[in-house]
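The values are calculated or read from the model by the stated rules, or taken from the named source; none is laboratory data. This is a predicted model, so every value here is computed, not measured. Neighbour counts run over all protein chains shown; Cβ positions are idealised from the backbone, glycine included.
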Amino acid sequence: MHRDAFPYNILVIEDNMGDFILINDYLFEMIREPQITHCQTFKQAQSVLQKPEEKFDMILLDMYLPDKSGQALLDAVLAIAHDIPVIILSGNSDLAFSVKSISLGVDDYLIKDDLRPTTLYKSIVYCIERRKKRQELLDSEQRYSELFDFSPQPMWVFDLETLDFMDVNLAAIKHYGYKRSEFLSMKISDIRPVEEIPALLEDVKEASLENYFFQQMPTKNPLKYGWIFLLDN
């Protein structure tokens, strides 16, 4: 059987030695050389996670430990896990709690009785990849935000249907003299000369028909009217 050669660094927080041995065997069945750290209490896990030299790819968490359990344990682990994916391995098939745990930031919720080597491995790989994609999206949004906010050209986002401003950058605020809160109570037509509004409405109509989620439309005179970003809901 082909085993994954990536040396995943995995923290297993589990007080039941029988369950840990099974999890350990499952990991070695699918991964060639997993780096496994085992903690049996929350206090041990807390100490390990607070070490700056420890870089984990995944946390596998049992929900009932000698010194902390349930919601209190989950909250405490998530608070110190930061960006490390967390998979709950539970003997309790409580649907309501599993859904709640996902909403709180847990990456997956697996039932121990249903656990198999492939199930555990796939969950680990999928959760890690989801985190990577999520971080890439956040980084992309941050780059866009910096491009938008600090552009020397006035820029804004407005709704194609209502024409309401949804966001403006610092250059637009400086150029037009309105506060951000004032912009957000206005429409794009409020800053255009009356004679240009028919052309604006025609441009908006054409953009709406293009089915672009996000479209950039320069005006004829960007120094006077800025760069318009259209957001279609």
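Restricting region 15-42 to residues that are in contact with a strand residue (DSSP E or B) (Cβ under 7 Å, 6 or more places away or on another chain) and part of a loop (DSSP other than H, G, I, E, B) leaves a set whose member that is surrounded by the most Cβ atoms within 10 Å (Cβ to Cβ) is P34.
Filtered by the rule that a residue be touching a Phe, Trp or Tyr at 6+ places or on another chain (Cβ under 6 Å), under 17 Å from Y26 (Cα atoms) and either exposed (fewer than 13 other Cβ atoms within 10 Å of the Cβ) or of a type outside the set (A, V, I, L, M, F, W, C) (or both), region 87-122 gives a lone residue, P117.
Just so you know, in region 57-71 the residues that are among the aliphatic types (A, V, I, L, M) and closer than 24 Å to R131 by Cα include one that is modelled with the lowest pLDDT, and it is M63.
Filtering region 123-176 to residues that are loosely packed, with under 14 Cβ neighbours inside 10 Å, among the small types (G, A, S) and within 30 Å of I10 (Cβ to Cβ) leaves only S140.
A quick yes/no check of all residues on (1) more than 27 Å from the chain's Cα centre (by Cα); (2) closer than 21 Å to V204 by Cα; (3) of a type outside the set (A, V, I, L, M, F, W, C):
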position	(1), (2), (3)
D139	no, no, yes
W156	no, yes, no
L160	no, yes, no
D167	no, yes, yes
H175	yes, no, yes
E182	yes, no, yes
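Look at region 111-132: where a residue is more than 10 Å from P85 (Cβ to Cβ) and a partner is assigned to a helix (DSSP H, G or I) and of a type in the set (D, E, K, R), sitting 6+ places away or on another chain with Cβ atoms under 9 Å, you get K112/D19; P117/D25; P117/E29; T118/E29; Y121/E29.
Here is a yes/no grid of residues against (1) closer than 20 Å to C127 by Cα; (2) in contact with a Pro (Cβ under 9 Å, 6 or more places away or on another chain); (3) free of Cβ contacts under 8 Å to residues at least 40 places away in the same chain; (4) in a loop (DSSP other than H, G, I, E, B):
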{"position": "Q44", "(1), (2), (3), (4)": "no, no, yes, no"}
{"position": "K51", "(1), (2), (3), (4)": "no, no, yes, yes"}
{"position": "I59", "(1), (2), (3), (4)": "yes, yes, no, no"}
{"position": "L73", "(1), (2), (3), (4)": "no, no, yes, no"}
{"position": "V77", "(1), (2), (3), (4)": "yes, no, no, no"}
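If you go through region 85-110 and keep only what is of a type outside the set (A, V, I, L, M, F, W, C) and within 22 Å of Q135 (Cβ to Cβ), you end up with P85, S101, S103, G105, D107, D108, Y109.
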